[in-house]
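Novice: Structure in structure tokens, see below.
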Amino acid sequence: MTTYPMTRAKGCPFDPPPELGELRQSEPLTRVEIWDGSRPWLVTRYADQRALLADQRVSADPDRTGYPMSGPARPRGDDTSIGFILMDDPEHARLRRMVTAPFMIKRVEAMRPAVQKIVDDLIDSLLDGPKPVDLVEAFALPVPSLVICTLLGVPYADHDFFQENSRNLIRTSIPVEERSASFKRLYDYLDELIGSKIEKPGDDLLSTLIERIASGELTRRDAAGIGVLLLIAGHETTANMIALGTLALLEHPDQLDRMRATDDPKQIALAVEELLRYLNITHNGRRRVALEDIEIGGRTIKAGDGIILPNDIGNRDPDVFDDPDRLDLGRDARRHVAFGFGVHQCLGQPLARMELQVVYGTLYRRIPGLRLATTVEEIPFKHDGAVYGVYELPVTW
Ligand code: HEM
């Protein structure tokens, strides 16, 4: 019996574990064994992943029997929720709708000049500061953190606090008690912030939740949970895409030249999609449980069976992407599943895309000599995080 997760091949930090590719060829729907001895289905073909993620007969609720947990316990408080990401419709859709507006393309585009200024100012500071420098600390984390703070109405001055607790919360190698404590700290922080906005609302997303609480549509508990979800998802993912994407480009100089050579927004947007596809930082699989028997690919997934859908290998499916293991910024990779698919497809994707377009379109042009100040072997990769990336990226120019 194959066990999941598998490890990446040595020296291939950007590629999913090779066994996943072999399974997609030989047994695209197969049972695997996970840490607790249970045997969920592992679904490795792109088409099957999309079909199942869009299927209303699957649940994202980890409290249901059969859900394939990624570890012995889930960090959580007693009476807290982590937004709607682990809920099913109709409650999931009801809560998601309350925060959709600021993430719509038009609203996100209106933020582009402000994001460009954030990026330019941070690059000015990099250029004025000492070298080498850790790009994660000095650039990759501040960009999305500043953006999501403005959008939510969270004081950026608290960034050390929320960045550290978010990092610990999703780090599977530390004890679950510590992760739960991080979750609780974030939850209490958001709850308090929401409380202060009841007194003094601002022009931000958290303040719009106050109106929902007042009208009885939203509990304060759910509002704080949504705040935690948006704060974590809003900075941790994009930060990893910035740092890991930079490393991938430095390791593929022909593609970096291509990126530097263009200021065409369409080309930059396509390059971002390809980096999202190729790196697929949400690397430990979308997780679901079947609510009913589901026939797919000649197999029957029974009600109550766990399902793991590793979108990293879906994005390397040769039936969908030619020569999928090659990073090719010229290809049209927009069909990728790096943002998931179906009802839980990433709410923040227009924002993430815009931030990455600004970053990738600016950083390497303004610092053309950017290079690693260490070797790839020395870089600490986030094998133990729910989101893949690098803990540090020492660079110079
Ligand atoms: C490059 C950056 C990002 C990547 C790769 C990414 C990836 C994902 C993926 C794969 C999911 C689906 C989870 C599932 O199906 O189980 C998701 C959901 C979500 N993402 Fe993102 N994300 C990114 C940035 C963001 C940003 C900037 C935000 C802004 C707050 C955000 C907010 C969310 C939310 C709220 C959900 C839950 C949606 C739902 O359950 O309906 N993400 N993301």
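Novice: With a cut-off of at most 16 other beta carbons within 10 Å, and DSSP calling the residue loop, which trypsin sites (Lys or Arg not before Pro) in region 42-74 qualify? Please list them.
Specialist: Hits after loop and neighbour filter: 57, 64.
Novice: Using alpha carbon coordinates only, what is the Rg to Rh ratio of region 92-232, with Rh defined as the Kirkwood radius?
Specialist: 1.00
Novice: Given a cut-off of under 8 Å on Cα pairs at least six residues apart, what relative contact order in percent is computed for region 212-323?
Specialist: 18
Novice: Another question, if that's okay. To the nearest 500 deg cm²/dmol, what mean residue ellipticity at 222 nm is calculated for the chain from DSSP H runs of n ≥ 4 alone, each contributing -39,500 (n - 2.57), summed and divided by the residues?
Specialist: Calculated from helices alone, the mean residue ellipticity at 222 nm is -14500 deg cm²/dmol.
Novice: With a Förster radius of 56 Å, plug the Cβ-Cβ distance of residue 22 and residue 200 into 1/(1 + (r/R0)^6) and report the FRET value to the nearest 0.05.
Specialist: Between residue 22 and residue 200 the formula returns 0.45.
Novice: Along each of its three principal axes, how wide is the spread of alpha-carbon positions in region 267-324, in whole angstrom units, largest first?
Specialist: Extents along the principal axes, in whole Å: 44, 21, 15.
Novice: How many nm separate the modelled label positions at residue 51 and residue 36, each set 7 Å beyond the Cα in the direction of the Cβ?
Specialist: A separation of 2.8 nm, rounded to one decimal place.
Novice: Checking the a/c ratio against 1.5 first, then a/b against b/c, what shape does the Cα gyration tensor give for the chain?
Specialist: In terms of gyration-tensor shape, oblate.
Novice: What does a probe at residue 137 reach in region 360-397, counting residues whose amide N is under 13 Å from the point 7 Å along Cα→Cβ?
Specialist: Within reach of a label on residue 137: 391-395.
Novice: Looking at the chain as a GNM with Cα springs under 10 Å, which of 281, 294, 85 has the largest mean-square fluctuation?
Specialist: Result for the chain, Cα springs under 10 Å: 294 fluctuates most.
Novice: If you project the alpha carbons of region 244-361 onto the principal axes, what extent comes out on each, in Å, largest first?
Specialist: Result for region 244-361: principal-axis Cα extents of 52, 29, 22 Å.
Novice: What residues from region 337-356 fall in the zone where the backbone N is under 17 Å from a label point 7 Å along the Cα-to-C-beta line of residue 64?
Specialist: Label zone hits: 341-345.
Novice: Antiparallel versus total DSSP beta bridges in the chain: what percent is that, nearest 5?
Specialist: Antiparallel: roughly 85 percent of the beta bridges in the chain.
Novice: While we're looking at this one, here's another question. Assuming a ≥ b ≥ c are the square roots of the Cα gyration tensor eigenvalues, decide whether region 21-120 counts as rounded (a/c under 1.5), prolate (otherwise, with a/b larger than b/c) or oblate.
Specialist: prolate
Novice: Determine, for the chain, the count of lysine pairs separated by eight or more sequence positions (or lying on different chains) whose alpha-carbon distance falls under 25 Å.
Specialist: Lysine pairs, 8 or more places apart or on different chains, close enough: 9.
Novice: How much length, in nm to one decimal, is gained on full extension between residue 397 and residue 384, taken as 0.36 nm per residue of separation minus their Cα-Cα distance?
Specialist: 1.7 nm
Novice: Taking H placed 1.01 Å from N in the peptide plane, check which residues at least 5 places from residue 64 or on another chain put their amide H under 5 Å from its amide H.
Specialist: Under 5 Å from the amide H of residue 64 lies no amide H from a residue far enough along the sequence or on another chain.
Novice: How many nm separate the modelled label positions at residue 214 and residue 117, each set 7 Å beyond the Cα in the direction of the Cβ?
Specialist: For residue 214 paired with residue 117, the spin-label model returns 2.9 nm.
Novice: While we're on this one: If I take R0 = 35 Å and measure r between the Cβ atoms of residue 91 and residue 10 in this structure, what FRET efficiency does the formula 1/(1 + (r/R0)^6) give, to the nearest 0.05?
Specialist: 0.20
Novice: Give me the extension gain from residue 178 to residue 371: residue separation times 0.36 nm, minus the current Cα-Cα distance, reported in nm with one decimal.
Specialist: Full extension of this stretch gives 65.9 nm more.
Novice: Under a point spin-label approximation (7 Å from Cα along Cα-to-Cβ), what is the residue 164-residue 335 distance to one decimal in nm?
Specialist: 4.6
Novice: How compact and how long is region 296-377, expressed as Rg and Dmax of its alpha-carbon atoms in Å?
Specialist: Spelled out, the Cα radius of gyration and Dmax of region 296-377 are 17.9, 55 Å.
Novice: Could you work out the relative contact order of region 1-90, using alpha carbon pairs under 8 angstrom and six or more residues apart, expressed as a whole percent?
Specialist: In percent, rounded to a whole number, it is 21.
Every read-out reported here was derived from the displayed coordinates using simple, explicitly stated rules and does not represent laboratory data. These numbers come from a predicted model, not from an experiment. Please note: Cβ atoms are built from the backbone with ideal geometry, for glycine as well, and neighbour counts cover all protein chains shown.
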